Each structure stands twice: as structure tokens, then as C-alpha cells.
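Have a look at the structure below before the remarks.
Each reported figure results from applying straightforward, stated rules to the coordinates on display, with no laboratory input. Since the model is a prediction, treat every value here as computed from it, not as a measurement. Glycine gets a Cβ as well: all are built from the backbone with ideal geometry, and neighbour counts include every protein chain shown.
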Amino acid sequence: MRSHYCGALGTADIDETVTLCGWVDRRRDHGGVIFLDLRDRAGIVQVVFDPDTEEHFQRADRVRSEYVLQVRGRVRARSESTVNAAMATGAIEVLGKELEILNVAATPPFQLDEYTNVGEDVRLQYRYMDLRRPEMQNRLILRARITSAVRNFLDREGFLDIETPILTRATPEGARDYLVPSRTHPGHFFALPQSPQLFKQLLMVSGFDRYYQIAKCFRDEDLRADRQPEFTQIDIETSFLDEQEIMALTERMIRELFTEVLQVELGEFPRMTWAEAMERYGSDKPDLRVAMELVSIDDLMQQVDFKVFRGPADDPDGRVAALKVPGGAGISRKEIDDYTRFVSIYGARGLAWIKVNDLAAGVEGLQSPILKFMPEDVVQQMMQRLQAADGDIIFFGADRRAVVNESLGALRLKVAQDQGLLRAGWAPLWVVDFPMFEDNGNGGLTPLHHPFTAPACNPEELAANPATALSRAYDMVLNGTELGGGSIRIHQREMQEAVFRILDIGETEAEQKFGFLLQALQYGAPPHGGLAFGLDRLVMLMTGSQSIRDVMAFPKTQTAHCVLTDAPGEVSEQQLRDLNIRLRQLRETTVPAAGE
């Protein structure tokens, strides 16, 4: 039906007769000549109809925005005065000879360009219209180029694209499973996979030493800007490579991807331990585009009587840290109050501060309500440690270590954004040496990554000191976003059983849930490891989008609802009976009348 894409035409096509298909982006009538901007996924080209072709001119007069057309005409150069430098096809136009209306269109529910200001709920309800916008088309086209480049790289490196099951069994991986009832096995359920983790490990046992998959994954969890109930992973697993070799391989893949798709050289990937990242940035995915760092002052605060600081400083699980904002003394009291409310989201009970007005004047040159609680020599030592200068402001966090890290880590990013302290460009790094476990809040331990991550010690050492054990895990971080996480896996049954014991997974439960894996580890499982990249997050970063919803064709809302299809929805009583399911009806809450 067409010979060319609209946006692909150029001066090389002048005098050619072309057939185009697309949507009417805009229609203009100038003194008896009709101009149609015809759009397809490649771009827009101007088509001109004049009264010489009476039948087709009359058809052109009837078309409106988003009509679907087939146009046949001759490519010609625009006059010098009408060249549109803002359009890729702005040096040429098509003189229309024939026009067929393939379909009419109702008035669009919103403006289909970059200036649309309609709410996201409307955009998602009419997603098929939203996806016609060049901005959205370019994002999905880039996504396709990214997946193609990744596949080509992994194919060249000898990896095999192997599919793993979507219907599997529930396993504990840190989030709730989506369950699928089985009609043929009454009372039993499949689970949609949170990741292909166990199957890719079984592929390593099977001898497929280099596997990858662009895998759909599902997690029934609360949503954020970078979370969806269904998402896509670039899933990679390989045998006979250690963590250094896997990191080098996947780093090279990301470097080549950015070079090929964005023409960007990413530069150095520094390596930082988890402990250092938390100490300096309060986050295990630090954004290195922000120069500000957290500085511990626990030893100094142990010398003061101010209980707000002294208590956490003396507590082994507490921390007192300072965040210096260069040039931040101009931050108003209202802004400080806003920042105080902001850190409260992360559990902080307040936000102390000191403004440095005149460092040479000593304490008299400082401004803060907390100075009266601190000896002058301690204040001077603190200023020296922080390398404070006139015009700075210093924020403080004093609480449990986790609260201080999370609140000041988040404040660091917010202040940098507000005060223009976020440098442009890309800042990748590797975070390594993660703890094997973390406190689950009930006196027990839970895996920081997943229970199949290999510890950096033997089973005896792990059993003796599980709380301090390190794992062989590694995360790739870019601009404060975790692009991908991975680890060397446990490949020996004894070690896997040792980890299960620490997690209070008894033999019976382990056999019931993971018996197939434990059995497979007995049959010559090779050393192996891998890494999974979040494709949606990667595309979000590479397109400069604010949410992964903007780089997915048909995403869900913040409440995991599809407003386009109104899913999830109710099903018939017959379907429920077939699945042996009876819904528990929730009673309506009634408020008793007075005196009852």
C-alpha cells in the first residue's frame, strides 16, 4: 500500500513518485491550496493538494485530524522561503495527485503533541492515541533498538536465548506472588515468576553455560515511579565465570549499548563497597553526579550533653552524620521547614542545621538553634572535618543508622536538585561486597538479595557469624538508579542448606519448596552466576523519562489498574466454579445509631 515512510523522505527522493500511508497530523487551507501534514512512525511530511486534481482536492478538503489516508504524489523541493528547518523532511514536500481516505476519526480526546497537558489517567485510558505522539513513538522505537542491541551483543558472546516457564510455583523472593488457580488440580495454584532465577540456575546444571532471556516478570507489590506489577528483565546467567569476569562482560555490554544507541561514552565504572556507599551517601545506589557526601561525627557528638545527638552517638546501632551543602546558607527558613517535613517521610524526627555566615568569627559567625548545646571546641573540630566555608549550610541526622542513612541520603538528592548541584552527564559505578543478610525486624535474618546468593565464606564461617557475612553480590548503578543486580550463586547443596537453616527454613520446608533445586545441586552443578538488568529502568534513563510507565506500551496505574481495559475485572460464577473458587464477600461496615 505504500512505497515509503513519510519521515524517511528527503532531497534524494526529489522527482520520485511515492505512495504514503499515515495519519493526518494537521490540515491547513491557504488560499485554495490544502496542506496536509501526514504522519507515520518515521515522522511527518507535508503533502500539498491544489484544485488541479479536483476529485482528490475535494477529498483533501474533507479530511480532519487523525484521518487515515493513502496518498500518491511527486516529491519536490520546497522554495527557499518555505523550507522548515524544524522538520526532518522540511526541505521537501509531496505534490499530491491521488488521495484515498482509508478511515475517518473522531475528534481526538487530547492534543497529540509534546504540548499536551492532559492527566496521565486520560492518557492511559486512550493509550492507543497517546502512543501516536512522536515523543511516545520515539521512546518505544528506542526501546526496540536497545533490546536488539542487547540481543546482538549476547548472541556474539555465545549466549543462548532460552525461554523459561511463566506458570511456576510460589517461591520466596522478597515480594508477593501473583497466583493462578489451577482448574485441573483443584485447590492448587501456579505463581507467575518474580524472576527466572531457579530455572536459569537449572539451565546451568543442564550444561547450557551461557543463557539469556528478555523475560517478563511479575510482582504483586506497591508501586512507585520505577515499579510495575509486570516488568521486563534482561536476564543473564553463565557458568565458569567469577564475579569479576561477569562484571567485566556486562559492563562492556552496557558501554557498547550507550555508544551504539546514544553515541555516548560512559567512562569509568568505579567500584565501591556497600559499606562505603552507605557511609558516604546513605544509599546502596548512590548518584555520583552529586558531589555532596555524608560525614560521620559520632565521635564528636559523644563529647556533648545534647541528648538528641549524644544518644545515637553512643548507640552501636545509631549514627550522627552531617551533610554540607556548599553555598546553601541562602536557603530560607521556609525551605528548611519543607526539608524537615521531607525527611520525616523516612522516619527522621527532625532536621538540625547550622548556617556558616563568617567562619573566621568562630561560633559567633555561625547561625543555628543547636549551637547553645555544643562546646565551642567541638564546633570548631566539626567545621574543620566538614571543610566548611562561608555561605555553606550543614544539615544533621541523629537516629538509628538506617533512618539517618535513608533520610539524609534522600535529602542529599533533593537539595542537589533544588539548588542546582546536580551535574549533567552519566555517572555509572559498581556496588560490591553486600551483606549476606539483614535484620527482618523480628529477631531473625532475611537475605539482602535472595537465598540463592553465594556467601564470601565457607558454610562453617557463615553459620558462626551470619549477621556479618558478606555475599558475592554486585549491583550496577547509573545516576542513582540500580540498573541491574546479580551475584555468584550457590552451587553446592551443603552451602544452600546452610543458608536455609540461617533463614529458619527447616528441612521439610526446604524439601517441599526447593527440593528440585537441592536435588539438582547434587548432580555436578557448575560454579555459576549472573545478572538481571531492568529493561524498563534502562530505557527510562536512556530516554530521559520520569517514569517507566512512559517507556512501556500499556502500563498499569499506581494502583496496578489498567484503565484502558478496566483490568483487573470480575469473572463469571461459572469460571469461579470451574476453578473451585468461592469469593468471600466482605460485609458492609455499618455505623450504629445513637443509643444502640
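When the charge dipole of the chain is built from unit charges on Cβ atoms (+1 for Lys and Arg, -1 for Asp and Glu) and taken about the Cα centre, the candidate among 283, 357, 119 whose Cα reaches farthest toward its positive end is 119.
Using the alpha-carbon positions of the stretch 194-269, Rg (one decimal) and Dmax (whole number) come out as 15.2, 39 Å. Restricting the calculation to Cα atoms, every distinct pair contributes to the Kirkwood radius of the stretch 1-151, found to be 16.3 Å. Simple rule: put +1 on each Lys or Arg Cβ and -1 on each Asp or Glu Cβ in the stretch 290-422, find the dipole, and look at 373, 325, 383; the Cα lying farthest toward the positive end is 325. Here the mean projected area of the convex hull built on the C-alpha positions of the stretch 362-434 is 7.3 nm². When only Cα pairs below 8 angstrom with a gap of at least 6 residues are kept, the chain shows a relative contact order of 13 percent. Taking all Cα-Cα distances within the stretch 16-103, those exceeding 17 Å account for 41%. Relative to its Kirkwood radius, the Cα radius of gyration of the stretch 222-320 gives an Rg/Rh of 1.13. Annotation: aspartates and glutamates with alpha-carbon distance below 12 angstrom to residue 285 (same-chain offsets under eight excluded): 276, 406, 475, 482. Bridgeable lysines around residue 324 (alpha carbons under 16 Å apart, same-chain partners fewer than 8 residues away excluded): 355, 414. From least to most packed, judged by other beta carbons within 10 angstrom and beginning with the fewest, 374, 272 follow the order 272, 374. Pair-distance distribution P(r) for the stretch 290-422, from all Cα-Cα distances in 10 Å bins starting at 0: 13, 47, 36, 4 percent. Dividing the mean sequence gap of close Cα pairs (under 8 Å, 6+ apart) by how many residues the stretch 290-422 holds gives a relative contact order of 35 percent. Roughly how tilted is helix 401-418, in degrees to the nearest 10 and between 0 and 90, from the longest Cα axis of the chain? Helix 401-418 and the main axis of the chain meet at about 40 degrees. Gyration tensor over the Cα atoms of the chain: the corresponding equivalent ellipsoid has semi-axes (square roots of 5 times the eigenvalues, largest first) of 50, 37, 27 Å.
Judged by the mean number of other Cβ atoms found within 10 Å, the most tightly packed of the peptides 317-325, 26-34, 139-147, 501-509 leads the ranking 317-325, 139-147, 501-509, 26-34.
In straight-distance terms, cross-link reach from residue 513 covers every one of the aspartates and glutamates whose alpha-carbon lies under 17 Å from its own, apart from those fewer than eight places away in the same chain; here that gives 173, 177, 494, 497, 504.
For the stretch 415-498, the direction-averaged projected area of the alpha-carbon convex hull comes to 7.3 nm². Assuming charge only on the beta carbon of Lys and Arg (+1) and of Asp and Glu (-1), the dipole of the stretch 234-383 about its Cα centre is about 900 debye to the nearest 20.
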